[in-house]
Amino acid sequence: KQWYQRRVAITAGNNFQNQLMINQLRYSGMMQTVVIRRSGYPVRRLYADFCSRYQPLLAAIYTKDAKDKVSLYLTKNASEKEWQAGKTKVFMKETLENVLEQQRVIILGSAATMIQKHWRGAIARMHYRKRLDNIIKVQSIVRAHLYRKLYLQTKSAALVVQKYVRGHIARQLVAEMWAEKCARLEAELESQRQALEARRAEMERLRKEAQEQEADQLRKELEEEEAARKKEEEERKKIEEERMREAMRKMEELEKKRREEEARKLEEEKIRIEEERLEKERRWSVSGRRLKNKRRISCVKSWKKKKLQERRKKKSERRSKKRG
C-alpha cells in the first residue's frame, strides 16, 4: 500500500500557532476525513490481535477459532451497529473500543490485585516460616536453659536432702550419747537433790519461824502506826473545824459590813435624788415667774403700741378734717 504524508506548519517563528494549524487541517480536508472515519468503523483489528489484547474478556469462551470467539463475544456484549466482522479483521466503533478497554482495565486490575494478594501471602508465609523457625530455636534454647536450671536445682536439692539426712543420723547418735550421759548425771543429781531437799526443809522451817517473829513485830508496829495516824487525823479534823468556824464568823462579819454599806449607799442615793428633785422644783419655779413677767411685759407693750397707733390715727383724721 502507498501511504501519503502531509506536512503541517504549526509554528510561526518561535511561537506555537493553534489557529494556523487548524486552518491548514481544514483546508487540506483532514477534518472531513476524521469525521468520515468516525462515522464509520475507525477501529480495525485482526482477530488474533483482538484475542491477544482482550484475552481476559474472552476467557469464558472455549473455541479455538479466533473469528468465532470474537463474533460470539461481540454478539453477546455489543449491538450490531457498533461492530462488523470481516474476513481477517473486526471493525468497531470508538465507543465500543472504549467500553472494551474499560472492561479490560477492570479485569486486569482485579487480576493484578489477586496476584499481589497471592504474592504478599507467599511473602507473609515465608516471613512466618522464618519467624516460626526462629521462635522454635529460641524455645529450644529457653527449654534447654530451663532444664539445665531444673537439673541444677534438683542436684542442689538432693545435696540438701543428703545433708539433712546425715545431720539427722548424727543428731540421733549425739542424742543417744547425751541420753546415757544424762542418765548418769541424773543419778548423781538425784543424790545431791535429796541432800538439798533435807537442807531446804530445815531452812524452810527456820525461815517460817523467822517470818512468824517478823510478822508479829510488824503487826505491832502497824497497830502503833494506825493508832498514831488516827490520833493525828482527829487532831487535824479539830483544827479544820476550828478553821471553818473562824472562816464562817469572818464571812458573817463581812456580810454584815456589806449590808450596812449598801444601806448607807442607798440612803445617800435617796438623799441625793431628793435634793435633785428640790433643786429642779426651785429652778422651775424661778423660770415660771420669769416667764410670767415676760408675758406680762409683752402684753403691756402690745397694749401700748395699739394705743399709740389709735392716737396717731385720730391725729391724722383731725388733720384731714382741718384741711378739708
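The residue pairs whose first member lies in the range 25-38 and is more than 21 Å from residue 91 (Cβ to Cβ) and assigned to a helix (DSSP H, G or I), whose second member is open to solvent by 70 Å² or more (accessible area, probe 1.4 Å) and at pLDDT 70 or above, and whose beta carbons are closer than 8 Å, counting only pairs six or more residues apart or on different chains, are 25/31.
Test residue 107 against the stated conditions and say whether it is touching a residue at least 12 places away in the same chain (Cβ under 8 Å), open to solvent by less than 90 Å² (accessible area, probe 1.4 Å) and in a helix (DSSP H, G or I). Here the answer is yes, as residue 107 does meet what is asked. For the range 44-65, filtered to residues that are closer than 15 Å to residue 92 by Cβ and of a type outside the set (Lys, Arg), the residue that is nearest to the chain's Cα centre (by Cα) is 57.
The values are calculated or read from the model by the stated rules, or taken from the named source; none is laboratory data. None of the values given here were measured: they were computed from a predicted structure. Note: ideal-geometry Cβ built from the backbone for every residue, glycine included; neighbour counts use all protein chains shown. Please note that ligands, DNA and RNA were not included when accessible areas were found on the heavy atoms of the full protein model with its side chains. Shrake-Rupley method; radii C 1.70, N 1.55, O 1.52, S 1.80 Å.
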